[in-house]
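The values are calculated or read from the model by the stated rules, or taken from the named source; none is laboratory data. As the structure is a computational prediction, the values presented were derived from the model and not from experiment. Reconstructed Cβ throughout: ideal geometry from the backbone, glycine too, with neighbour counts over all protein chains shown. The protein model used for the area step is the full one, side chains on, heavy atoms only, and it has no ligands, DNA or RNA in it. Shrake-Rupley method; radii C 1.70, N 1.55, O 1.52, S 1.80 Å.
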Amino acid sequence: MSKQERGGGKPSSTPPPGVSKVPLGSSTPIWNDPMFIPIVIAVALVLLTILFLLRRKSKGRIVLLVGPTDVGKSSMFSQIVGGKNIETVTSVTPNEGEYIPSNGRAALTIKDLPGHERVRIKFWDESKVGSRGIVCVVDASGGNKAIRESAEIIYTVLTDPAVTSVRPNILIFANKQDAPLAKAITVVKTQLERELTTLRMTKSAGLTSIGGGSSSGKFLGKMDKDFEFAHAAPLKVEFAEGSCNLDKKELALVTSWLDTIA
């Protein structure tokens, strides 16, 4: 029998050797736990990922046909949607119709935007968000003026934040290949790259002259390098040529592209 038991005293509160005494009601702060910081970082990453997925815009089912006036957008529209070429006039409102892919995928809405600048910008702003694809139609027979006009529109497409955030597929189509002076798509591509390099310099100089340090649009291409369409990544830009004035077979490359992105 212990001395305490023999003497009727209270049990000793002294802990056994090697065991520290912790006051009742006390606890180690959670931020002193070595796992606290890793857990906080993991939770923050999960929340940021969820926020990114919720805010990220998704691709819709609309494919836009864009380009200056008289490049053949409406003829392309009538061939793709109606399967035949019809005589068209300059439109001031979008044409809209349905394309059924040949591979069984869901239908696409084809939207032909007017080419006149006054109305083109309005309908572009209304239609660009969430587009699945954009076809930039170029008049391959129109000379340098046609290239400059098309380059202006392509510049807008490639630098628009609504486009760069969703990353729709982009097709540049060199139309009117049936014309005697039409340029092949390889030539059109090279001339567009040259014109886009000039446009980039002009627009950057314009911002500097008015005291603007930055633009809401994305910088086109790579700094200190002439523009190439390969520099438009992560946007995917593809090329095709043909004639919307002939039968639908001339647009086989376009319909094949539509089937792929559907």
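Side notes on the structure shown:
- In region 152-184, the residue that is most open to solvent (accessible area, probe 1.4 Å) out of those that are over 18 Å from PHE239 (Cβ atoms) and assigned to a helix (DSSP H, G or I) is GLU152.
- From the list THR202, THR198, THR190, the lone residue that is surrounded by fewer than 16 Cβ atoms within 10 Å (Cβ to Cβ) and closer than 13 Å to ASN144 by Cα is THR190.
- Of the residues making up region 113-127, those that are over 15 Å from SER150 (Cα atoms) and either modelled with pLDDT of 95 or more or touching a Leu at 6+ places or on another chain (Cβ under 7 Å) (or both) are PHE123, SER127.
- Residue check: ILE121 meets all listed conditions (1) part of a helix (DSSP H, G or I); (2) of a type in the set (A, V, I, L, M, F, W, C); (3) open to solvent by less than 30 Å² (accessible area, probe 1.4 Å) but one, namely (3).
- Some residue of region 23-30 being of a type outside the set (Gly, Ala, Ser), open to solvent by 90 Å² or more (accessible area, probe 1.4 Å), over 30 Å from ASN175 (Cα atoms) and modelled with pLDDT of 60 or more: yes
- LYS128 being open to solvent by 10 Å² or more (accessible area, probe 1.4 Å) and within 23 Å of LEU235 (Cα to Cα): yes
- Among (1) under 20 Å from the mean Cα position of the chain (by Cα); (2) open to solvent by 30 Å² or more (accessible area, probe 1.4 Å) - the single one GLY133 does not satisfy: (2)
- Of the residues PRO101, PRO114, the single one that is assigned to a loop (DSSP other than H, G, I, E, B), under 19 Å from ARG61 (Cα atoms) and open to solvent by less than 50 Å² (accessible area, probe 1.4 Å) is PRO101.
- Being open to solvent by 30 Å² or more (accessible area, probe 1.4 Å), under 19 Å from ALA179 (Cβ atoms) and at pLDDT 95 or above is true of LYS145.
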